[in-house]
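The values are calculated or read from the model by the stated rules, or taken from the named source; none is laboratory data. Everything quoted here is computed from the prediction, not taken from an experiment. Methodologically, a virtual Cβ is constructed for each residue, glycine included, from the backbone with ideal geometry; neighbour enumeration extends over all protein chains shown.
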Amino acid sequence: MNVARSVLRVLLPLLVVALGAAGAWALAMAREKPPVAPAPTARPLVEVVAVASSTWSPTLEVQGSVRPAVESELVSEVAGRVIELGPGLRAGARFGKGDLLVRIDARDYELAVVEAEAAVTQAELALELEKAEAEAARGAWDSLGEAKPPSPLVLREPQLAEARARVAATRARLEGARRDLERTTLTAPYDGITFEKSVDLGQYVARGARLAHLLGRAAVEVRIPLQSEELALLGLDGDVDVTLDRPVVLRAGSGDRVREWTGRIVRREDWLDPRTRTIALVVRVADPYDTSDGRAPMFVNLFVTAELRGKELTDVVVLPRAALRNDDRVWVVDAEDRLRPRDVLVLRKERDTVVLRAGLTPGDRVCTTPLDLVTDGMSVRVQGDAERSGAR
């Protein structure tokens, strides 16, 4: 027991000293450890394009639908039974100006003309009798030697005016009966196509009944919707009387089956479409069904793409579309190979390029490489410079 106590007296001080020495060594090692240097920041490799002033002619491709330049509803102006239909009055059939389209039974209208002619004859006879009566009354009054003038009633002037009015009325009724007789035969007002037929042989039609929907063949039109800034690019946002008349190429189809026509701008619709907020140009194509020169007919309701060319613009900058950031900014690489933001004025965005009016100067290097994180002053490596440095 005394031996164990003696051993503890010796070992405990030694253990305390050993632990203290170990703690002091650990503290010393912690103080002497060198600081860890941060990893060097990577400089991304980017491609640039040098800015150069150039000229550019805007070309817009806009889709539209072909519609007839002239279309009308064929309506009956008289009532009766249809006794004949012309060969052009079938859906899709063609007709020429003056061709017979519909003939309505005219017998009742022929009788009306005869009756109106008889009424005119009777009225004219009554007028002649009244004229004779008036002349006789004038002679009788003169034979009396009266100093005062006769009254209109004595000279039968009211009766004479009534007879003249009756003649005028019967002649007007005769003219109306003759027009109704002419209206029993409906002819084509122009060269056209029957789009839809609403009447058939033997059918009774009332006055004002719709008989057919007709389309003109002389020309078709294509309505081209444009934004207001696109109209400005084309130079069509001002006096339309001066600037409108210009050719437009229209295409339909794809691959080896592309068909092409040439039209001309004929008018601008001076209002905004309430749904699309666009303003439309109307392009007219003459003789759309003429295939004598080998071109395909241009059918109504065909979807086409119009190619519109604008005026040539100078002192603009054309860059790849990838250079544009946030719709109105580009990143320029300065002389120290650092990125700097630059606000630009965008004139036109196309599928692969963007056209700028202001914001850059010739010689500027514009970054075209998309970067996930970009900051002002970020250091980069330029593609051409990095390759030359590696070669050296």
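Data overview
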item	result
Every residue from the stretch 82-112 that is assigned to a loop (DSSP other than H, G, I, E, B) and over 19 Å from Ala206 (Cα atoms)	Gly86, Pro87, Gly88, Arg90, Ala91, Gly92, Ala93, Gly96, Lys97, Gly98, Asp99
Qualifying residue in the stretch 119-131 (condition: surrounded by 15 or more Cβ atoms within 10 Å (Cβ to Cβ), under 30 Å from Leu186 (Cβ atoms) and assigned by TED's automatic domain parsing to the domain that holds Ala172)	yes
Scan of the stretch 343-383 for residues that are touching a Gly at 6+ places or on another chain (Cβ under 6 Å) and buried (at least 18 other Cβ atoms within 10 Å of the Cβ), ordered by number	Val344
Residues located in the stretch 277-302, provided they are surrounded by 13 or more Cβ atoms within 10 Å (Cβ to Cβ) and among the aromatic types (Phe, Trp, Tyr)	Tyr289
Odd one out for Leu100 among (1) surrounded by 14 or more Cβ atoms within 10 Å (Cβ to Cβ); (2) more than 50 Å from the chain's Cα centre (by Cα)	(2)
Number of the exception - Pro274 against (1) under 30 Å from Val248 (Cβ atoms); (2) surrounded by 13 or more Cβ atoms within 10 Å (Cβ to Cβ); (3) without any contact (Cβ under 8 Å) to a residue 40 or more places away in the chain	(2)
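Here's the yes/no breakdown for (1) in contact with a Cys (Cβ under 9 Å, 6 or more places away or on another chain); (2) among the charged types (D, E, K, R); (3) over 26 Å from Ile104 (Cα atoms):
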site: Arg166; (1), (2), (3): no, yes, yes
site: Arg178; (1), (2), (3): no, yes, no
site: Gly202; (1), (2), (3): no, no, no
site: Leu211; (1), (2), (3): no, no, no
site: Gly216; (1), (2), (3): no, no, no
site: Ala252; (1), (2), (3): no, no, yes
site: Glu269; (1), (2), (3): no, yes, yes
